[in-house]
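The structure under discussion appears below in the form of structure tokens.
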Amino acid sequence: MSDSHGSTDTTGAVDTRSTYSQQGHQGRPRNVVLYGESGVGKSSLINLITGCDAAKTSPDALACTTTHAPYDVTISGQCFRLWDTAGLNEGSEGTVPAVMAERNLTMFLRGLNQEDGVHLLIYCVRGTRATKALQTHYKIFSAIIHDSKVPTIIVVTCLEDFRPAMTEWWHKNKDELATYGMQFSGYACVTALKDEPAESPDIHQRRAQSYEDVCKSILDHCSQTPHKAWGIDTIKDRRSFLAILLQKLARLVGRAHHEDALQAYLP
């Protein structure tokens with residue numbers, strides 16, 4: 001079942017979704033924002049959670065998401081709105097140039113702050129990526145995450161060949177992540193490969209386990225109340241807060257055009 005936001009009720013799907021019972025839930029969907037570098041599988045992860053090809057995916061490293069797209073989903077009777085965001089690391093040659101991605105992110109955060117707020121952040125990373133390299137995008141959001149206390153989970157993708165079990169990635173790397181200053185409320189280690197009939201039983205089992213684990217992590221850690229301040233409670237001057245945030249974005253993305261984005265954001 002779909003609506004203008006691509007709404008999907010996963011509780012009506014087949015056996016991999018049968019673990020979650022129907023529970024009544026009132027009110028608007030809670031906002032779950034997925035972020036990370038281009039090509040880590042954010043769109044594929046959304047398709048895994050929704051149980052259909054709702055989000056466009058790409059087989060290469062360039063992003064196929066050019067804006068911030070919402071996808072509504074029901075998990076265990078609870079309503080969530082998953083936000084697929086454009087990667088910030090493509091530079092001027094990618095589908096989403098860095099300056100445009102920076103500007104889009106600024107406007108996107110402004111919109112959520114003025115409306116329903118944010119209930120959960122999901123940092124998507126590739127399991128094949130060196131752990132130190134994961135700092136870049138984590139730092140982009142660090143000022144927001146730590147000040148507003150939005151819960152954040154890490155979802156590690158592309159682990160279909162990781163042995164002996166996908167969750168071993170977390171146990172192997174969690175201490176090193178902490179050493180680099182990355183702290184998470186929860187985690188899920190997954191494969192988001194399409195559920196193809198020709199795939200091996202092992203891949204089918206890993207995909208089913210991936211769905212169960214990521215849904216459980218969302219249910220366990222998504223805040224019941226929205227976070228809307230985005231650090232303004234500790235940084236009183238709104239203009240100063242945005243200037244600091246955009247300076248961080250420009251420095252980490254490798255662009256120096258944050259002043260234009262700031263003027264576009266502020267009334």
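List pairs: first residue in segment 189-218 and open to solvent by 60 Å² or more (accessible area, probe 1.4 Å), second residue not in a helix (DSSP H, G or I) anywhere in the structure, Cβ distance under 6 angstrom, at least six positions apart or on different chains. Here the result reads Leu193/Glu160, each pair linking segment 189-218 to a residue that is not in a helix (DSSP H, G or I).
With (1) assigned to a helix (DSSP H, G or I); (2) within 28 Å of Cys215 (Cβ to Cβ); (3) at pLDDT below 75 as the list, and Gly87 as the residue in question, which single condition is left unmet? That leaves (1) as the condition not met. Please work out if Ser185 is of a type in the set (Gly, Ala, Ser) and open to solvent by 40 Å² or more (accessible area, probe 1.4 Å). Yes. Of the residues screened, His227 is one that is modelled with pLDDT of 60 or more, within 26 Å of Ser76 (Cα to Cα) and in contact with a helix residue (DSSP H, G or I) (Cβ under 8 Å, 6 or more places away or on another chain).
Which residue out of Thr152, Thr157, Thr225 is within 15 Å of the chain's Cα centre (by Cα), under 19 Å from Arg81 (Cα atoms) and not acidic (Asp, Glu)? Just one listed residue meets the conditions, Thr152. Within segment 156-167, residues that are at negative phi reach partners that are open to solvent by 40 Å² or more (accessible area, probe 1.4 Å) and at pLDDT below 95 with beta carbons closer than 7 Å, at six or more positions or on different chains, in the pairs Thr157/Arg126; Glu160/Leu193.
Scan segment 102-114 and tell me whether some residue there is farther than 15 Å from Ser38 by Cα, of a type outside the set (Gly, Ala, Ser) and at pLDDT 85 or above. Within segment 102-114, not a single residue is farther than 15 Å from Ser38 by Cα, of a type outside the set (Gly, Ala, Ser) and at pLDDT 85 or above. Only one of the numbered conditions (1) at pLDDT 80 or above; (2) in contact with a strand residue (DSSP E or B) (Cβ under 9 Å, 6 or more places away or on another chain) is violated by Lys56, and that is (1). What do you reckon, is Cys64 at pLDDT 75 or above and surrounded by fewer than 21 Cβ atoms within 10 Å (Cβ to Cβ)? Criteria not met by Cys64. Pick from segment 152-176 the residues that are touching a Ser or Thr at 6+ places or on another chain (Cβ under 9 Å) and either in a helix (DSSP H, G or I) or at pLDDT below 90 (or both): which of them is surrounded by the fewest Cβ atoms within 10 Å (Cβ to Cβ)? Top of the filtered list is Glu176. Only residues that are within 20 Å of the chain's Cα centre (by Cα) and part of a loop (DSSP other than H, G, I, E, B) were counted in segment 181-220, giving 10.
Checked against (1) surrounded by 12 or more Cβ atoms within 10 Å (Cβ to Cβ); (2) touching a helix residue (DSSP H, G or I) at 6+ places or on another chain (Cβ under 9 Å), Thr179 passes all but condition (1).
The values are calculated or read from the model by the stated rules, or taken from the named source; none is laboratory data. Note that the structure is predicted; figures quoted are calculated from it, not measured. When we count neighbours, we look across all protein chains shown, and the Cβ atoms used for this are built from the backbone with ideal geometry, even at glycine. Calculation scope for accessible area: heavy atoms of the full protein, side chains included, ligands and nucleic acids excluded. Shrake-Rupley method; radii C 1.70, N 1.55, O 1.52, S 1.80 Å.
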